[in-house]
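One structure is given here, and the rest of the page talks about it.
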Amino acid sequence: MITFTPLSGSGRSSKTTPLAYLLQVDDVRILLDCGSPDWAPEPSHERIAEGAEVPSYHWETYCNALRECAPTIDLVLLSHGDLAHTGLYPYAYSRWGLKAPAYTTLPVQAMGRIAVSEDVEGVREEEDVGDVEESKPQDPSAMDMGDESPSPSPRKDGNKGKYVATVAEVQDAFDSINTLRYSQPTHLQGKCQGLTIIPFNAGHTLGGTIWKIRSPSSGTILYAVNINHMRERHLDGTVLMRQAAGGVFEPLARPDLLITDADRTSVTTSRRKDRDAALIDTITSTLSSRSSLLLPCDSSTRVLELLVLLDQHWNYSRLRYPICFLSRTGREMLTFVRSMMEWLGGTVSKEDVGEEGTGGRQTHKRKRDEEGEEDALGALALRFKHLEFFPSPEALLHTYSSKDPKLILAVPASLSHGPSRDLFADFAAVPDNVVLLTGRSEEGTLGRNLFEKWNDSQRPDDKWDRGKIGSNIMMDGSLKLRMNHKVPLQGAELEAYQQKERAAKEKEAAHQAVLARNQRMLEADEDESDSDSDSDEEDEVRQALEGDLMDIEADEERGKSRKADKGLDGVDWGLDGDEGLTKQLLSFDIYIKGNVSKATSFFKSAGGQTQRFRMFPYVEKKRRVDDYGETIDVGMWLRKGKVLEEDAESDEVKDFRRRTLAEEDAKKAIREPPSKFVSSEIEVQMACRLLFVDMEGLNDGRAVKTIVPQVNPRKMIIVHAPSSATDALIESCANIRAMTKDIFAPVVGESVQIGQQTNSFSISISDELLASLKMSRFEDNEVGFVTGRVVAHATSTIPTLEPISDSARSKDSTAAIAQPRMLGSRPAVPLPHSTMIGELKLTALKSRLAAIGVQAELIGEGVLICGAGAKGNATTETLEESVAVRKTAKGRVELEGNVSEVYYTVRREIYNLHALVAA
C-alpha cells in the first residue's frame, strides 16, 4: 500500500514552495525533497485584537510537521540542488534526527551545499536567527561559535526562531549524502530491503533528477517535479522525452504511480529566441546609455545558464563593461562545475563565437599550458573572463563607482536579504537604471512583489503567461523596506559588554585556579607513594646488576683460560659430559652468559649446585592501589584513544582536520569585534525601470499536457501547483480516453492511500508441482502457468500449492463436457489454451527479420511489410509472398498475407518475441 502526504508544496495551495513530501511504501517511509522557505519574507500585516500587528510566518506549520516525522524517516531522496528542494535538509539532519540514508546525484550534492551555505551565511550575517532550546544540538562541537554578539533580547514580533543551520552543519549534512550516477540502479538494504531507486535526468538544474522507485509489492513509482524537456546552453533536456524515439523514454513509461507538478499548466512560455533577444537587447541598450543593471539570481543552479549566455554575448559583441557577481560562494561554485563537465550538455563544451572563434584552439591550449590549468575542458568552456567576483556590496563599490555602467548579478533572487536587497535600496532610486528579473521568486518576498507589480502593468495580451515578451515599466512612488544589519557595539553598550566579558573571564580564571590547586594536591600525594615504590625498584635493579657483573667477570676469566689452551678465538665452547671437550658452536636469540650446554634439569641437582643463566635486568612494577582498588591512569587511556582515532582516519579526514585547525587559528588571530543586530525601516523613492524575462527553464502548460498522457500512469498525484493549475491539468487529462481517472491533488497534511484493496500472500510451491512446470523466458524473467490446490499443513505456517489429483481433474473435465453427442462422433476434449506475454515492437521485429535474411520495411501507421513486397518495386507475384504486420490496439497484432514460407517465418519470430505460457 502507498500513502502520500504533502508536508509543503501541495497541489491545492497558494504557496507552492518549498517542496517536501512523505511517501510511505508498505512500512518504508520516504522523504521526497526537503526544501526551506525564504526566512526573510516581506511582513504581511494582519489585524488582530486591540489593533496590534504581527507578521504571519507560513513556515511554522511545515517545519513542525517535518520535525515530528524526521526521526521516523527511512530514506531521503533529493531531486534538485536549490533551496526549494534541499534547503532545510542540513538543519533537519543536525537537529531533528533526520539520519536516514540520503541519495542524490553528485551535482545536486555540490550545488545544494553551495546554495544552502550562501543562504545561511547571508541570513546569519544580518539577523539573529534565535536558536531555541529544543533545536540546539546535543553535540557542543556542532554549535555555532562564530557569533560573538550579546545574548539576543526577546523578540517583539513573536517569532521564536528561524531554523537556519550553521556552516559546519551544512558541510556535515551534505557530506553524509550518497551520490549516484544517472540510470544507476541501487538496491537498498536494511528496512528498505526490496526497494530499488534509479535516478534519471530531469533537466532544469545541473544534476536534476527524476526518481524511479520500484517496489515488489507496490509497483513502480515515478517522482518527476520541475522538469524541462528543452535543450539549453549548459544542459540537455530531460530524458523523459526522447525526440529521436518520438515518445516517452521506455523505462519511465506506464508507471503505477506518477507524482508530478502542475505549477505552469496554465502558462504559455514565449520562444527561447525572443526571450534571449529581449534580455540581450535590454542589457546592451542600458549599458550603452551609461546606466547599470541589477539582475537578482540564485547562487548555484539557474545562474549558470545566465553566465553562459552573457559570456557568449560579451565575446561576440566585444563588450568591455564588467559583469559583477556578488556572491560569497560564486568562485567555489564555478570550481565545482568545472570538475563536473560530464554532467553538462547543450553548447557549453564548444568554443565560444566572436573574436575567439574556432580557430583559437592552439592558442587556448598554449595559454592553458602556461597557466598550468588542470581541468582543460572546464577552463575552456567556463572560463568567463569578463566575470568578476565580489563578496559584498562594499567590495563592489570599492572597485567600481556607482556611476560606472555595469551589469550586477546579486544573490539571492528573492531580494529578501543579502547583497541583492542592499543594492536594490540604492539602485532603485537612480533614474534609467534597470532591475531585470528572471524568475518569479517565492510568494511573499520582495522579488515576487516586484514581479506582480510588473505583470499587473502589462496589457492582457503581453502578460508573462501568454507567450509574449512584455515591455519594461517605469517604477514610481515609494517603497518601504526593512533592512537588517550587524553593527559593532559602541559607547555604553560596548563598555557593558566588555565589563560582562571581564567578569566572565575572572570567574573562569578562579575556576581554573581551584582546579589547578586540586590537581597539585593529587600530584603531591602520588609523588609520595611513587618515591617509596621507586626506591624499592632501584634496590632490586641494583642487586640484579651487581649479580650480573660478577657473572660477567667469571665468564671472562674462564674464556681466557679456554682460549689459551686451545688457541681458538671468537668461539663459545661448552662441556659435553665427562668425556672431555667437544667442539660445539652455540646459537641463541638473546645474549646469555654461562655454561648452558651442560644437560641440566630445571630442578636443583643432587649436589645442591644449580645452573645460573644470565638474564636481562627486569623488575616487575607493582600496581598502585588506593583504598578503593587499583588506580586508573585516565590520561594514558585518553592519549591511547586519540592515537587510535588518528590512525583510523583517512587522508581526506586528516587534510580536512588540518584545514579546520588552520581556519580556527585564523579566526582566533583576527577576532570579530563585539556587535549587535539592528533593524531599520527605510523608504525608497522608486525611479528605475523594471523588466521580467522568464529564464526559469521549466516546462510550460503545453509541454505538461503533452508529456503526462504519453507517460500514461495508472494513477497520478499532482503537487506543487495552485488550485487553478491543478484543475486545468485534471480537465486536460479527463478529455483523453486512455488517460487514467485516478488523479489526486491532496492539500498540505492530507494523506492519500493508493492500493488499499491489494492483498499480498506468501505461498510455497510443492516439489512435485514445480517439477511439472513449463517455464518460458521473457526478458530477464521466466514465467509459467500453474494450476493447483492450496493446502495448509500442520507442520508449516505457510500454505503449499500442490497439483490437482487426476481423479479430481477427470471429474471436472467430464462434468464440463457432459452433453449428448451424435452417433459415431468423437468425444469432445477441451483444448489447452495459452497466453502470450509481452508487447510487440515493430522495430525489434524488423531487426530480427533482417538478421535471418527477410527484408522488412515500415510504411507508416504501424504497418510492417515483410518479404519481397518490402523492396519497393513489388509486382503481383512478389506481393503474394509478402506479409503485413499491424498493431491495431494495445496487445493486439494482426498478421495478414498468403500462406507461404515468409508467413510462417514472420509468425515464428513474432512468437519468439513473446513468452508463451500454456495452461
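The values are calculated or read from the model by the stated rules, or taken from the named source; none is laboratory data. Predicted model, so just to flag it, every value in this text is computed and none were measured. When we count neighbours, we look across all protein chains shown, and the Cβ atoms used for this are built from the backbone with ideal geometry, even at glycine.
Please count how many residues of the range 464-497 are in a loop (DSSP other than H, G, I, E, B) and not small (Gly, Ala, Ser).
9
For the range 736-762, which residues satisfy the criterion of being polar (S, T, N, Q) and either modelled with pLDDT under 90 or part of a loop (DSSP other than H, G, I, E, B) (or both)?
Thr740, Ser751, Gln756, Gln757, Thr758, Asn759, Ser760, Ser762
Suppose we filter the range 180-221 for residues that are part of a strand (DSSP E or B), surrounded by fewer than 21 Cβ atoms within 10 Å (Cβ to Cβ) and polar (S, T, N, Q); how many remain?
4
Looking at (1) part of a loop (DSSP other than H, G, I, E, B); (2) assigned by TED's automatic domain parsing to the domain that holds Asn64, can you tell me which one Cys733 breaks?
Going through the list (1) part of a loop (DSSP other than H, G, I, E, B); (2) assigned by TED's automatic domain parsing to the domain that holds Asn64, Cys733 breaks only (1).
Kindly establish whether Val353 is at pLDDT below 95 and more than 23 Å from Tyr182 (Cβ to Cβ).
yes
Looking at Val704, Val747, Val752 in this structure, which one is crowded, with 18+ Cβ neighbours inside 10 Å, at negative phi and either touching a residue at least 40 places away in the same chain (Cβ under 8 Å) or not polar (S, T, N, Q) (or both)?
So the residue among Val704, Val747, Val752 that is crowded, with 18+ Cβ neighbours inside 10 Å, at negative phi and either touching a residue at least 40 places away in the same chain (Cβ under 8 Å) or not polar (S, T, N, Q) (or both) is Val704.
Collect the residues in the range 323-336 that are of a type outside the set (Lys, Arg) and either assigned to a strand (DSSP E or B) or closer than 19 Å to Phe424 by Cβ (or both), keeping them in residue-number order.
Ile323, Cys324, Phe325, Leu326, Ser327, Gly330
So which residues in the range 731-757 are among the acidic types (Asp, Glu) and more than 20 Å from Ser266 (Cα to Cα), if there are any at all?
Passing the criteria: Asp742, Glu750.
Working carefully through the options Gly439, Gly444, find the one that is touching a helix residue (DSSP H, G or I) at 6+ places or on another chain (Cβ under 9 Å), surrounded by fewer than 24 Cβ atoms within 10 Å (Cβ to Cβ) and part of a loop (DSSP other than H, G, I, E, B).
Gly439
Let's see how each residue does on (1) of a type outside the set (A, V, I, L, M, F, W, C); (2) within 21 Å of Met695 (Cα to Cα); (3) modelled with pLDDT of 90 or more:
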{"residue": "Ala413", "(1), (2), (3)": "no, yes, yes"}
{"residue": "His417", "(1), (2), (3)": "yes, no, yes"}
{"residue": "Leu423", "(1), (2), (3)": "no, no, yes"}
{"residue": "Thr438", "(1), (2), (3)": "yes, yes, yes"}
{"residue": "Glu443", "(1), (2), (3)": "yes, yes, no"}
{"residue": "Asn449", "(1), (2), (3)": "yes, yes, yes"}
{"residue": "Glu452", "(1), (2), (3)": "yes, yes, yes"}
{"residue": "Asn455", "(1), (2), (3)": "yes, yes, yes"}
{"residue": "Asp461", "(1), (2), (3)": "yes, yes, no"}
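So Val790 fits all but one of (1) assigned to a strand (DSSP E or B); (2) modelled with pLDDT of 85 or more; (3) under 38 Å from the mean Cα position of the chain (by Cα); what number is the exception?
Condition not satisfied by Val790: (3).
Could you give every pair whose Cβ atoms fall below 8 Å, whose first residue belongs to the range 832-850 and is more than 15 Å from Lys887 (Cα to Cα), and whose second residue is in a strand (DSSP E or B) and among the hydroxyl-bearing types (Ser, Thr, Tyr), counting only separations of at least 6 or pairs across chains?
Taking only residues 6 or more apart or on different chains, the pairs are Ile837/Ser776.
Take the range 232-274 and flag every residue that is of a type in the set (Lys, Arg) and crowded, with 17+ Cβ neighbours inside 10 Å.
The answer is Arg233, Arg264.
May I ask you to say which residue of Asp404, Asp461 is farther than 30 Å from Leu19 by Cα and assigned to a loop (DSSP other than H, G, I, E, B)?
Asp404 is the lone residue from the list that is farther than 30 Å from Leu19 by Cα and assigned to a loop (DSSP other than H, G, I, E, B).
Going by the conditions given, is Tyr163 in contact with a Cys (Cβ under 7 Å, 6 or more places away or on another chain), in the same structural domain as Val25 (by TED's automatic domain parsing) and at pLDDT 90 or above?
yes
Test Asp476 against the criterion of being free of Cβ contacts under 8 Å to residues at least 24 places away in the same chain and out of contact with any Ser or Thr (no Cβ under 7 Å at 6 or more places or on another chain), and give yes or no.
Criteria not met by Asp476.
Restricting the range 415-436 to residues that are among the aliphatic types (A, V, I, L, M) and assigned to a helix (DSSP H, G or I), which is nearest to Leu293 (Cα to Cα)?
In this case the residue turns out to be Leu423.
Hey, could you check the range 823-862 for residues that are out of contact with any helix residue (DSSP H, G or I) (no Cβ under 7 Å at 6 or more places or on another chain) and of a type in the set (D, E, K, R) and say which is modelled with the highest pLDDT?
Of everything passing the filter in the range 823-862, Lys846 is modelled with the highest pLDDT.
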